[in-house]
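To start, the structure itself, in structure tokens.
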Amino acid sequence: MARKYVIGGNWKMNKTIAESDEFLKEFKKEIGDLSKHVDIIIFPPFTSLSSACKNLKGSSIHVGAQNMYKEKKGPYTGEISPKMILETGATHVILGHSERREYFHESNEMIAAKARLAHDSNLQPVICIGETLEQRNSGQTEEVLKKQLHGSLGGLTPVQMQQTILAYEPVWAIGTGLTASPEQAQEAHQFIRSQLSSMFDKKSAEVTRIQYGGSVKPQNAKELFEQADIDGGLVGGASLDPDAFMKIIQKVPQ
Ligand code: 13P
């Protein structure tokens, strides 16, 4: 079954509203009909979500948030609910990014609770997993991925799984300029897919899209995207520049 490629631009804590508007003006001009072959999702900071959605109205480029809380409302100072995100016009949300796991101590259980609420709210989650260099070097990659998958996807139904996007982002490749080789990435993606088959069912393994993230650049994107189990990329640094991001999207096999 052919899976549609999906490329995300995770801007992290970058770009003001004015800078976001400027990027999208430029980006929209260049996109042409590329978004017919590939789903494109921009993940700006919360403050720019509304204006990004307005800017992209009528285009097929999606907008997503970088995080949300696991409750619908209440006394959670500084947090954002799914309804607030949906109100901006955004349709997706990144959950469990390694920076959230590391700096904000998000557990697999917390991420699973967010994922269930995202689905119940009709927001499509992009759930991130990935091992550290230490874990890779000590041969624990598969064990770590398995634990993250079982923990972060807990309680999802097969249909919800199929509507979830996974992002394999080895922590050692994020923002470091070190990319997993196409073979290393393919091996991890294949392992993740085999886990989905045993955790959910064969269809979930076939249908769920798995992005690679970690120093994706115009120079390495093609080889990564050509791998059988890699369905696109979640791009950090290179998504901040419209030209570099466009060049990455152009590397998607057609
Ligand atoms: P870089 O592309 O900057 O390595 O970031 C990857 C990432 O964390 C995307 O979510």
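The values are calculated or read from the model by the stated rules, or taken from the named source; none is laboratory data. These figures come from a predicted structure and were not determined experimentally. With ideal geometry, Cβ positions are generated from the backbone for all residues, glycine too; neighbour counts draw on all protein chains shown.
Glu142 meets the conditions (1) touching a Phe, Trp or Tyr at 6+ places or on another chain (Cβ under 6 Å); (2) of a type outside the set (S, T, N, Q); (3) within 16 Å of the ligand (Cβ to nearest atom) in every case but one. The failed one is (3).
Of the set (1) of a type in the set (S, T, N, Q); (2) closer than 19 Å to Ile230 by Cβ; (3) surrounded by fewer than 21 Cβ atoms within 10 Å (Cβ to Cβ), all apply to Ser198 but (2). Summed over the stretch 20-79, residues that are among the β-branched types (Val, Ile, Thr) and under 18 Å from Asp243 (Cβ atoms) total 5.
Here is a yes/no grid of residues against (1) under 22 Å from Asn10 (Cβ atoms); (2) in contact with a Leu (Cβ under 7 Å, 6 or more places away or on another chain); (3) assigned to a helix (DSSP H, G or I):
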site	(1), (2), (3)
Glu87	yes, no, yes
Ile94	yes, no, no
Arg101	yes, no, yes
Glu106	yes, no, no
Glu134	no, no, yes
Val144	yes, no, yes
Gly151	yes, no, yes
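Check the stretch 90-106 and report whether any residue there is more than 15 Å from the ligand (Cβ to nearest atom) and without any contact (Cβ under 8 Å) to a residue 12 or more places away in the chain. Yes, the stretch 90-106 contains at least one residue that is more than 15 Å from the ligand (Cβ to nearest atom) and without any contact (Cβ under 8 Å) to a residue 12 or more places away in the chain. Looking at this structure, is Gln195 among the polar types (S, T, N, Q), part of a helix (DSSP H, G or I) and under 18 Å from the mean Cα position of the chain (by Cα)? Judged against the criteria, Gln195 is not a match. Checking each residue in the stretch 5-20 for being away from the ligand (no atom under 12 Å from the Cβ) and not in a loop (DSSP other than H, G, I, E, B) picks out Tyr5, Val6, Ile17, Ala18, Glu19, Ser20.
Restricting attention to the stretch 221-254, the residues that are polar (S, T, N, Q) and surrounded by 20 or more Cβ atoms within 10 Å (Cβ to Cβ) add up to 1. Residues in the stretch 232-254 that are more than 10 Å from the ligand (Cβ to nearest atom), of a type in the set (S, T, N, Q) and either at pLDDT below 95 or within 13 Å of the chain's Cα centre (by Cα) (or both): Gln254 only.
A quick yes/no check of all residues on (1) surrounded by fewer than 19 Cβ atoms within 10 Å (Cβ to Cβ); (2) of a type outside the set (D, E, K, R); (3) touching a Ser or Thr at 6+ places or on another chain (Cβ under 9 Å); (4) without any contact (Cβ under 8 Å) to a residue 12 or more places away in the chain:
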| position | (1), (2), (3), (4) |
| --- | --- |
| Glu134 | yes, no, no, yes |
| Ser138 | yes, yes, no, yes |
| Val144 | yes, yes, yes, no |
| Lys147 | yes, no, no, no |
| His150 | yes, yes, no, no |
| Leu156 | no, yes, yes, no |
| Ile165 | no, yes, yes, no |
| Tyr168 | no, yes, no, no |
| Thr176 | yes, yes, yes, no |
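Take the residues of the stretch 155-173 that are part of a loop (DSSP other than H, G, I, E, B) and over 17 Å from Val144 (Cα atoms): which is farthest from the ligand (Cβ to nearest atom)? So the residue we want is Thr157. The C-beta contact set for the stretch 63-79 (first residue without any contact (Cβ under 8 Å) to a residue 24 or more places away in the chain, second residue among the basic types (Lys, Arg) and outside any loop (DSSP other than H, G, I, E, B), distance under 8 angstrom, 6+ apart or interchain) comprises Lys73/Lys83.
Residues satisfying the criterion are absent from the stretch 238-245 (criterion: in contact (Cβ under 8 Å) with a residue 40 or more places away in the chain and more than 26 Å from Lys25 (Cβ to Cβ)).
Of the residues making up the stretch 207-231, those that are away from the ligand (no atom under 12 Å from the Cβ) and under 19 Å from His97 (Cβ atoms) number 5.
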